[in-house]
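The values are calculated or read from the model by the stated rules, or taken from the named source; none is laboratory data. Computed from a predicted model, the values in this text were never measured in an experiment. In this analysis, Cβ positions are derived from the backbone assuming ideal geometry, glycine residues included, and neighbour counts consider all displayed protein chains. With ligands, DNA and RNA removed, areas are computed over all heavy atoms of the protein, side chains included. Shrake-Rupley method; radii C 1.70, N 1.55, O 1.52, S 1.80 Å.
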Amino acid sequence: MNKIIRIYCEGKAGSHDYDILRKVFPDPTEWSAYIEIEPIGSIRGAGAIIQYKEEKENNADKPHFKLLFRDRDFDKPVPDRPILEQDEDRKYCYYSYRNTIENYLFDTSHFYSFLKENKLNEKYSINNENEVKQKFIEAAEKIKYYQAVRHTMGKMRTGETEFGTKLTNKSGKLPEHLDENYCKQEALKKINQAKSFTDSWTETGFNEIYLNFVNKFDANFMNNLDFLIYFQGKDFASSLQLLLQGFPIKKYYKYAKKHFDYNKFSDLIELRNLIESKLTH
């Protein structure tokens, strides 16, 4: 076997993307030597970065098959079922089912085990896994309107302009206020600043899309923990930290990655199967 498969991802070695991919493709396995996982930093400009890297290589070093595994992160709507989604234009690009890589790390069982192991369950008055679930829901409810706004802005964007989906300078930094009126008005300000690009960005259009998301984020959605699919993972983590003051989120991420099982996620199983098929055929 002399095929080389290269998987590009966001971040750097030791980032969540890299570490989770290492769980999907552990080392050693019978064919792990033929799989390269290469972080490229920011997803913006990924195509140019990948092209530049491969143009510098000799033909013998070029991969037999390559793909870019990336977050969905409001750039693509969440599909109706948990699939690994291939980009229609850039065939080498595949989107995770969940919004961001952090979304895969929040698990009620792992979270409660982490609390007990670190003697934090008493500090936060969380006595069982169901109470973890309720705390997760409380954190999600707190950012529901902000996430509806982010999804709305993501859906309204076109390839001609980029007004982003954040109301702050980065994901994980929550807005000053999280009430519905504030989030909507701040989003409309950003959209109106870019309105010269297209006449389709109207407040009426915004409200129609926004209402679809808010209505989707109902009690059943929350009880099923579907926000762990739809909400931005860093935003959710920040909201949870507002409820659990002083919570060691970095330590938790390390614990969650150590115990991570990709077999719980259909899209990651699909990714594994795709790579395996390219190696064996």
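Here's the picture: charge each Lys and Arg Cβ at +1 and each Asp and Glu Cβ at -1 in region 54-141, and of Ala140, Asn121, Asn99 the one pushed furthest to the positive end of that dipole is Asn121.
Among the chymotrypsin sites (Phe, Trp or Tyr not before Pro) within region 163-197, not one is in coil by DSSP while having at most 16 neighbouring Cβ atoms inside 10 Å.
Sequentially through region 205-212, phi angles give Karplus couplings (6.51, -1.76, 1.60; θ = phi - 60°) of x, 4, 5, 5, 5, 4, 4, 4 Hz, Gly and Pro residues having no value and appearing as x.
Here the 3J(HN,Hα) profile of region 169-175, calculated from phi with Karplus coefficients 6.51, -1.76 and 1.60 at θ = phi - 60°, is 7, 6, 5, x, 9, 7, x Hz, Gly and Pro shown as x. Placing unit charges on the Cβ atoms of the charged side chains and taking the dipole of the chain about its Cα centre, the candidate lying farthest along the positive direction among Phe65, Ile275, His259 is His259. Measuring between alpha carbons in the structure, the pairs from Lys133/Lys173; Lys135/Lys173; Lys133/Lys250; Lys170/Lys278 lying more than 27 angstrom apart are Lys170/Lys278. Each Cα pair under 8 Å and six or more residues apart adds its separation to the average, and for region 41-115 the resulting relative contact order is 26 percent. Using only Cα positions of the chain, each an equal point scatterer, no hydration layer, compute I(q)/I(0) via Debye at q = 0.14 Å⁻¹ and quote the log10 values to two decimals. Relative scattering, expressed as log10 I(q)/I(0), comes to -1.08. Dividing the helix sum by the residues of the chain, where each DSSP H run of 4 or more adds -39500 (n - 2.57), gives a mean residue ellipticity at 222 nm of -14000 deg cm²/dmol. Relative to the Cα centre, the charge distribution of region 2-92, modelled as +1 at Lys and Arg Cβ and -1 at Asp and Glu Cβ, gives a dipole magnitude of about 80 debye. Database remark: amide H of Glu36 closer than 5 angstrom to the amide H of Ile5, Arg6, Ile7 (H placed geometrically; neighbours at sequence offset of 5 or more, or on other chains; Pro and chain starts carry no H). Convex hull volume per residue, computed on the Cα atoms of region 165-229, equals 113 Å³. When the chain is treated as a GNM with alpha-carbon contacts under 10 Å, the residue of Lys23, Lys133, Lys91 showing the greatest mean-square fluctuation is Lys91.
Its Cα centre serving as origin, the chain has a Cβ charge dipole (Lys and Arg +1, Asp and Glu -1) of approximately 640 debye.
In the elastic network of the chain, a GNM with C-alpha springs shorter than 10 Å, the most mobile of Ala139, Ala194, Ala48 is Ala48. With contacts taken as Cα pairs under 8 Å at a separation of at least 6 residues, region 166-281 carries a relative contact order of 27 percent. Mean sequence separation of contacting Cα pairs (under 8 Å, at least six apart), scaled by the length of the chain, corresponds to a relative contact order of 23 percent. Heavy atoms of the protein chains alone define the surface here; on that basis the chain has 51 Å² accessible area per residue at 1.4 Å probe size.
Spatial offset of region 202-224 relative to region 93-147 amounts to 22 Å, using the alpha carbon center of each.
For region 213-220, putting each phi into the Karplus relation 6.51 cos²θ - 1.76 cosθ + 1.60 with θ = phi - 60° gives couplings of 6, 4, 5, 5, 7, 8, 5, 5 Hz, in residue order, rounded to whole numbers and with x for Gly and Pro.
Close amide H partners of Leu68, meaning residues 5 or more places away or on another chain with modelled amide H under 5 Å apart, are Tyr8, Cys93, Tyr94.
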